Amino acid sequence: MTSQTRDIQLFEDTLRDLHQDFQEHPFHYGNENPIMPELYRRLRTQLTPETAPLTYRQDHSNMDDWRNREMFKRIERENQEIPRVRPEVRFYDEGIWGGAKTDFDLVVFPGGNQVVMQGKKEGIGNFVDIEHTELSVLCEIKHSMNMSGRFRNGGETDVQALAEYPGEVGRRYFVFMDWWPQDGYGKTTFEKDLRQLEDKVGELGCRVDVVYLPRSDDLEIVRGVCADGVL
């Protein structure tokens, strides 16, 4: 079994554990802010190995600045490794910041694979090289508190961005935690959400799995949402 396969299985198992905690303690997850750090914490303690080797480049760093010189000396002295799970990651391609979307909520790097990062002009940056860094998991997270009718406030934009990310990824996930799995009339809403997603996004060029974690009822994983125009 490859590291990617193990990481994907662990990621889904961790989501199931998170879902159980959400159902037992829903007010712990009253908005989007607690979800990502809790998911990060759980993955950080379970991934084996915990870290991956790191190459940290200085192409965009101003080496006339003493902070950058000191930072790279420190990197050379210390063991160059990084935790295999990382939140709020920004990506760059061919030395350029940019693209339709450059930042994602959470990633998991395969064990043993090199992670290539880049400093900013002054100081430590959080930029990961798309071309030279493989991912096991790429994830965006949304919460249901805003019942806006736009797949719960813009989730379709995240799903589209996940599909358009140009790097090598084992699995792409849109994680949707739902405080309101039923509307005011007692009707379930997830199927309607998926129809709205299909209408707004259309057929995707790359597989994205939607993981639905409702406050009540079972966790659902929709494999390849909007793939070939079929949910």
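The values are calculated or read from the model by the stated rules, or taken from the named source; none is laboratory data. Fair warning: this is a prediction, and the values are worked out from it, not measured in the lab. Please note: Cβ atoms are built from the backbone with ideal geometry, for glycine as well, and neighbour counts cover all protein chains shown. Note: accessible area is taken over every heavy atom of the protein model, side chains too, but ligands, DNA and RNA are not part of it. Shrake-Rupley method; radii C 1.70, N 1.55, O 1.52, S 1.80 Å.
Accessible surface ranking for 40, 185, 29, 1.4 angstrom probe, highest first: 185, 40, 29. Sorted largest first, the spans of the alpha carbon positions of the stretch 32-99 along the three principal axes are 39, 32, 21 Å. Summarising the label geometry, the points placed 7 Å from Cα in the beta-carbon direction at residue 122 and residue 203 lie 5.0 nm from one another. Among 206, 226, the sequence by solvent-accessible area, most first, with a 1.4 Å probe is 206, 226.
Report the extension gain between residue 80 and residue 188 in nm, rounded to one decimal, defined as 0.36 nm multiplied by the number of residues separating them, less their alpha carbon distance. Don't skip to the end; give the middle numbers.
On the way: separation 108, 0.36 × 108 = 38.88 nm, distance 4.86 nm.
Full-extension gain reported as 34.0 nm.
Please compute the Kirkwood hydrodynamic radius over the stretch 3-225, one decimal place, Å, based on all pairs of different Cα atoms.
Kirkwood radius, the stretch 3-225: 18.6 Å.
The Cβ shell under 14 Å around residue 5 holds other residues with a net charge of -2, Lys and Arg each +1, Asp and Glu each -1.
Need one number: % antiparallel among DSSP beta bridges in the chain, to the nearest 5.
So the antiparallel bridges in the chain amount to around 50 percent.
Only helical runs count toward this figure. For the chain, summing -39,500 (n - 2.57) over DSSP H runs of n ≥ 4 and dividing by all residues gives -10000 deg cm²/dmol at 222 nm.
Separation of the stretch 102-130 and the stretch 170-196 by C-alpha centroid, Å? When both Cα centres are located, 31 Å separates them. Here the calculated FRET efficiency for residue 217 and residue 28, from their Cβ-Cβ distance with R0 = 25 Å, stands at 0.85, rounded to the nearest 0.05.
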